[in-house]
1. Which net charge results for the neighbourhood of H431, defined as the other residues with beta-carbon distances under 13 angstrom from its beta-carbon, given Lys and Arg at +1 and Asp and Glu at -1?
2. Starting from the Cα of K357, draw a straight line to each of the lysines and keep only those under 27 Å, dropping any in the same chain fewer than 8 residues away.
3. Along the Cα-to-Cβ line of A387, 7 Å from the Cα, sits a label point; which residues in the stretch 407-435 have backbone N less than 14 Å from it?
4. Order the following by accessible area, largest value first: K215, K292. Probe radius 1.4 Å; ligands, DNA and RNA are ignored.
5. Add -39500 (n - 2.57) for each DSSP H run of 4 or more in the chain, then divide by its residues: what number comes out at 222 nm, to the nearest 500 deg cm²/dmol?
6. Which whole number of Å³ per residue matches the convex hull of the alpha-carbon atoms in the stretch 1-62?
7. Given the C-alpha centroids of the stretch 78-128 and the stretch 218-232, what is the distance between them in whole angstrom?
8. Obtain the nm distance between the two label points defined at A168 and T73 by a simple spin-label model: each point lies 7 Å from its Cα along the Cα-to-C-beta direction.
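The values are calculated or read from the model by the stated rules, or taken from the named source; none is laboratory data. Treat the numbers as computed from the prediction; the structure is a model and nothing was measured. Counting neighbours? That spans all protein chains shown, and the Cβs are built from the backbone with ideal geometry, glycine included. What goes into the accessible areas is simple: the full protein's heavy atoms, side chains included, and nothing from ligands, DNA or RNA. Shrake-Rupley method; radii C 1.70, N 1.55, O 1.52, S 1.80 Å.
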Amino acid sequence: MKMSRFLVPTLKEAPSDAVAVSHKLALRAGLIHQEAAGIFSWLPLGIRVLKKIEQIVREEMDRAGAVEVLLPTIQKADLWRKSGRYDDYGAEMLRIKDRHDRDFLFGPTAEEVMTEIVGAHVNSYQQLPVILYNIQWKFRDEVRPRFGVLRSREFLMKDAYSYDLDEAGARESYNRMFVAYLNIFARLGLSVLPVRADPGPIGGDLSHEFMLLAKTGESMVYADDRALGLPAPGVPPEDRAELQALVDERLAPYAASDELHDASEYEARVEEGHRMEARGVEVGHIFFFGDKYSRSMDVKLDGPDGQPIALQSGSYGVGVSRLVAAIIEASHDEKGIIWPEAVAPFHVGIVNLAPDKEEVSALANKVYNALEGAGRQCLLDDRKIRAGGKFADMDLIGLPWQVVIGPRSVASGELELKNRASGETVSLGFHDLIARLTQGSAGN
Ligand code: ATP
Ligand code: MG
């Protein structure tokens, strides 16, 4: 992509109402545009990051045996009346009437819609377990939308729902999602802690939140620091006991957010040198709630003995758009964003210092074509602005690699390669540069 044809509206200063670093940088790097309080448009760089996160979430859901569907954003109020949540949900629900004066709402979550689909299309217990997910925009009329897409009113969520014959099966589905979440956050390069959580209005008796440690976090997290930095578990084991052992092992070190923190247990179980107290951002939340919705919505299947049974379920959310901000919270410096390779909007930024000079542009295009041809996504800065502005913008938008090409590169045949994260710069000839950026070493 050529920057002269792209839209990257970078800003020197963030608007004064942006306080969180991720909000400031998302605006300054031209990722998002605010439409109204808590409602954003996604600009070209922002949508590329959002789609990459979405794809990683999708791949890990698929790998764990969940199946993708797409539910509507607008839901019937009657479904929520059936489950009993229509009145309970309160002011966070955006209620809508159609032209016939019928009640609808903009979905804040989708337990009711998914449970009804399962009731209509899953006919036999032999089809269980079923885990369905969708990645769809949600709306919650938050009292205090803030921090940009970290807490917005409209946001992209991956929400999965599991349906099992019995509680042991449902716990297995819960564990599969638990492992998938560890894989997702590891692939995003994030250090995320699973903490036990209060199931809240969704209900149920088993729940975990996945907390990213970051200064802007709205909760406090208390943990044994040995719970951090564990490797991604990979595909969840098929064997139920093996899967449970894996989850138990990950949950063994103490970790709780303020709601369920038990100071005396913490002090008893974690030696002083390993106590970690930090702020956390909730990036995922999983719940087991038994037959709550299948019972209230009267979704039953014939069990093995012919008797109707209510399904055992859980729901599993990841804040896909929140993750864009969460990753910036976790990965930036005073110059701007530092995207992890896996979600960077482009892998390489190519800075053409003299777009007016034919030989310089020819060399920049040659680098661009060689890298694109090898599958590396490049953003070529061919704008006719001063070099200082180009360097500042490249650092701000945070692509993992920068290649600087000017008249001197043409004369010497040496190109400058900079790693955004380490700041390290090396001079390389054309072939070495392409080799460096297209082999394993270009990864992180
Ligand atoms: P929070 O406690 O942050 O308000 P929640 O517990 O109400 O979130 P869940 O119902 O658990 O949220 O939703 C699943 C996931 O969706 C959350 O873990 C979070 O990542 C994301 N999410 C929830 N509310 C928002 C929001 N207002 N803006 C962006 N993402 C959100
Ligand atoms: Mg939650």
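1. Combined, the nearby Lys, Arg, Asp and Glu give 0.
2. Within the straight-line limit of under 27 Å, K357 reaches these lysines: K2, K366, K384, K390, K418.
3. Flagged as within label range: 407-412, 415-417.
4. Correct descending sequence by accessible area is K215, K292.
5. Result for the chain: -10000 deg cm²/dmol, rounded to the nearest 500.
6. 108
7. 35
8. Roughly 4.4 nm, to one decimal.
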